[in-house]
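Comments concern the structure below.
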Amino acid sequence: MSLALDYQTNGYVAPVACIDGAAAARHRRQLEHVEQQFGDQHYRSKMHTLLDFAADLATAPRVLDVVEQLLGPNIMLFDVTYIIKEAHSPSHVSWHQDLTYWGLSNDRQVSMWLALSPATPVSGCMRMVPGSHTQGKLEHTDTADTSNVLFRGQSVEGVAEDNAQMCPLQPGEASFHHGWTLHASMPNASDDRRIGFNVQYIDPSARQTLHDLDTATLVRGVDHFGHYKPDQFASGVMQKEAVERHARLEKLRKDTWANA
Ligand SMILES: O=C(O)CCC(=O)C(=O)O
């Protein structure tokens, strides 16, 4: 099957080779150097405004070529996050659909999850329910589970897990999923960290309905809508002005999720 047909049918496609293992290892070293200097970077929004190497990977031509096949020719970069489960940690992600709390006016959106370390059933790779994207928005319940990575611990109950498929990935491979695709991941029982580079792309027509302050940046094609102010991409690593700007961006993103 072609990437696009696979994606249309199942709501996701995996594995897709995006960068080679050496490039993934280099990116991981750069990230871990930042962690040593500046602390935890897990689950922070808009990392492409803080780290030039995150901006480079999120806009790599090979990555955008895949996104173009799935989303169309006009692509905006909406968000970039590292999702990190430490070795032998209970961190997990409950069944959910990404678009539930983002406030977007339509579902012309795709997420990439690129492995920077081995993502396996043991380390807590993603699990997806094929075809679930066709069900539209499902009811989510907020939970208070502190091991759940998700901001609100949001969870869809009663998912038919027997139909779920594991998405194991080697470093440099990615999965791409639609915003209504049900997905989850288990704790990391391996000896290594499980590090995902998670990027959200939207079509320029997808407007933020909750406020007028959201930002997104055209990275390919044409924006006929003008719904967003662009983000300023990092030109280095954790530069002072970028860190100050980022604090405002991150607060806005968290407030949006909290109030959606
Ligand atoms: O990193 C994970 O285990 C889950 C990531 C996720 O839920 C997502 O990419 O939307």
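Dipole of the chain computed with +1 at Lys/Arg Cβ and -1 at Asp/Glu Cβ about the Cα centre; of 21, 47, 235, farthest Cα towards the positive end is 235. Relative contact order, whole percent, for region 1-122 stands at 30, derived from Cα pairs under 8 Å and 6 or more residues apart.
Residues of region 104-128 with an amide N closer than 19 Å to a point placed 7 Å from the Cα of residue 25 along the Cα-to-Cβ direction: 115-120. Shape of region 28-111 from its Cα gyration tensor (a ≥ b ≥ c, root eigenvalues): rounded if a/c is under 1.5, otherwise prolate when a/b > b/c, or oblate? Verdict is oblate for region 28-111.
Across the chain, Cα pairs under 8 Å and at least six residues apart give a relative contact order of 33 percent. The modelled label-to-label distance between residue 8 and residue 36, using points 7 Å beyond Cα along the C-beta direction, is 4.9 nm. Close amide H pairs (under 5 Å, H built 1.01 Å from N) link residue 18 with 173, 174, residues at least 5 positions away or on another chain. Using the Cα gyration tensor of region 217-256, with a ≥ b ≥ c the square roots of its eigenvalues, what is the shape: rounded (a/c below 1.5), prolate (a/b larger than b/c) or oblate (neither)? Cα axes put region 217-256 in the oblate bin. Once backbone amide H atoms are built at 1.01 Å from N, residue 95 has 156 as its partners under 5 Å, excluding neighbours fewer than 5 places away on the same chain.
Taking every alpha-carbon pair in the chain and binning the separations at 5 Å intervals from zero gives 1, 6, 13, 18, 21, 20, 13, 6, 1, 0 percent. Across region 219-228, computed HN-Hα scalar couplings (Karplus, 6.51 cos²θ - 1.76 cosθ + 1.60, θ = phi - 60°) run 10, 7, x, 10, 9, 8, 10, x, 6, 10 Hz from first to last residue, x flagging Gly and Pro. Simple point charges give the picture: +1 on the Cβ of Lys and Arg, -1 on the Cβ of Asp and Glu, and for region 42-119 a dipole about the Cα centre of about 140 debye. In order along region 80-86, the phi-based Karplus estimate (6.51 cos²θ - 1.76 cosθ + 1.60, θ = phi - 60°) of 3J(HN,Hα) comes to 9, 9, 9, 10, 10, 10, 5 Hz; Gly and Pro are listed as x. Dividing the mean sequence gap of close Cα pairs (under 8 Å, 6+ apart) by how many residues region 74-148 holds gives a relative contact order of 49 percent.
Using the crude model of +1 on Lys and Arg Cβ and -1 on Asp and Glu Cβ, and no other charge, please compute the dipole size for region 75-171 relative to its Cα centre, in debye to 20.
I would put it at about 240 debye.
For region 148-222, the gyration tensor built on C-alpha atoms gives a prolate shape. Its axis ratio a/c (a ≥ b ≥ c) is at least 1.5, and a/b is the larger of a/b and b/c. The calculated Kirkwood hydrodynamic radius for region 1-145 is 17.1 Å, given to one decimal from all distinct C-alpha pairs. Simple point charges give the picture: +1 on the Cβ of Lys and Arg, -1 on the Cβ of Asp and Glu, and for the chain a dipole about the Cα centre of about 380 debye. Applying 1/(1 + (r/R0)^6) with r as the Cβ-Cβ distance of residue 134 and residue 209 and R0 = 25 angstrom yields a FRET efficiency of 0.65. Normalised radius of gyration (Cα atoms, divided by 2.2 N^0.38 Å) for region 8-62: 1.34. The string of couplings for region 194-203 from the Karplus curve (6.51, -1.76, 1.60, θ = phi - 60°) is 9, 10, x, 9, 10, 10, 10, 10, 10, 7 Hz, one whole number per residue in order, with x for Gly and Pro. Dimensions of region 176-260 along the principal axes, based on C-alpha atoms and rounded to the nearest Å, stand at 45, 36, 30, largest first. Here, region 82-213 yields an orientationally averaged convex hull projection of 8.2 nm² when only Cα atoms define the hull.
Out of every Cα pair in region 75-114, what percent are spaced more than 13 Å from each other? In whole percent, the long-distance tail amounts to 68. Our estimate of slack between residue 165 and residue 255, defined as 0.36 nm per intervening residue step minus the Cα-Cα distance, is 29.2 nm.
Throughout, read-outs are computed from the coordinates displayed, never taken from laboratory work. Since this is a predicted model, take the numbers as computed values, not measurements. Heads up, the Cβs are rebuilt from the backbone with ideal geometry, glycines too, and the neighbour counts pull from every protein chain shown.
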